[in-house]
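Please treat every number below as a calculation from the coordinates, not as lab data. Keep in mind that what you see is a predicted model, and the values were worked out from it rather than measured. With ideal geometry, Cβ positions are generated from the backbone for all residues, glycine too; neighbour counts draw on all protein chains shown.
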């Protein structure tokens with residue numbers, strides 16, 4: 001590929017509290033820098049100064065209106081701060097990654113494959129796909145039904161999606177309980193408010209480990225993983241996001257081959273090359289490399 005064909009972009013990370021630290025940030029950034037073309041800038045939105053960050057990682061102060069204790073728990077509504085107006089510079093498109101993402105290859109095609117600068121892309125997480133049908137359903141039900149995604153990876157043009165943060169803050173004013181509303185999780189709110197322009201991050205580039213590799217029945221996982229087109233797609237993956245505390249990168253690196261892994265939803269997989277395909281060795285190599293450069297999410 002010619003250098004002129006590479007779309008410039010910026011990497012955005014978000015951190016609060018003490019679950020993750022500078023080592024986790026450094027390891028992820030090092031992996032992206034080594035594998036991805038066109039990276040122009042790295043920005044970390046943080047709630048406090050972080051000692052030990054690698055050179056070239058810029059920091060942005062967390063907008064205080066999003067540092068609500070209830071928003072920094074399981075619903076992760078604090079992540080919506082990355083859509084605050086004029087926080088992330090609007091001169092480059094952006095890719096956001098959760099800190100428990102393992103990078104395997106070049107992420108820049110996520111930028112090149114975008115067709116609409118107003119669009120926002122996240123991981124697909126429901127059977128109903130993002131697209132014309134989901135937009136019609138969203139419109140006909142006045143927003144009560146809509147396709148949903150996962151915000152472990154977000155691709156957007158800063159400055160074009162400021163309405164996400166603005167509308168969330170407006171709706172949250174005077175409200176303490178988000179139960180039964182799209183506001184109960186950041187990814188639900190993104191899916192709901194951006195439904196007219198949202199699209200899925202391509203599954204041949206990024207997947208969430210439980211959604212891709214773990215199923216309720218082992219026999220079904222073996223059958224699905226043996227399909228030739230599935231193995232080919234998995235072999236091309238550029239990143240895999242992990243479910244944080246449930247399946248940590250360090251845990252996978254130390255797990256004996258053939259071990260069974262079960263998540264909180266009862267989904268299962270066998271930690272083996274036969275189950276995951278060639279991507280398992282790439283995943284192991286990337287986890288160990290990130291750990292050696294100051295950060296795996298363990």
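Specify, per residue and in Å³, the volume enclosed by the convex hull of the alpha carbon atoms belonging to region 84-174.
141
Please state the Cα pair-distance histogram of the chain with 10 angstrom bins from zero: what percent is in each bin?
Histogramming the chain at 10 Å steps yields 6, 27, 36, 24, 6, 0 percent.
In Å and on Cα atoms, what radius of gyration and Dmax does region 44-97 show?
Taking only Cα atoms of region 44-97, I get Rg and Dmax of 12.1, 33 Å.
Beta carbons within 10 angstrom, averaged per residue: use that to sort the peptides 78-91, 51-64, highest first.
The densest-packed peptide leads the list: 78-91, 51-64.
Output the relative contact order of the chain, whole-number percent, from Cα pairs under 8 angstrom with separation of 6+ residues.
22
So how do 280-290, 125-135 stack up, highest first, on mean other-Cβ count within 10 Å? Don't jump to the answer; show the numbers that get you there.
Numbers: 280-290: 18.9, 125-135: 13.9.
Averaged packing, sorted descending, gives the order 280-290, 125-135.
Starting from the coordinates of the alpha-carbon atoms of region 3-107, obtain the Kirkwood hydrodynamic radius over all distinct pairs and give the value in Å to one decimal.
Roughly 14.4 Å, rounded to one decimal.
Over region 206-292, one equal point on each Cα, no solvent: what is log10 I(q)/I(0) by the Debye formula at q = 0.13 Å⁻¹?
The calculated log intensity ratios at q = 0.13 Å⁻¹ are -0.37.
Taking the Cα atoms of region 135-262 alone, what are Rg (to one decimal) and Dmax (as a whole number) in Å?
Both quantities, over Cα of region 135-262: 18.1, 53 Å.
Output the antiparallel fraction of DSSP beta bridges having both residues in the chain, as a percent to the nearest 5. Mind dumping the intermediate values first?
Numbers: 16 of 37 bridges.
So the antiparallel bridges amount to about 45 percent of the total.
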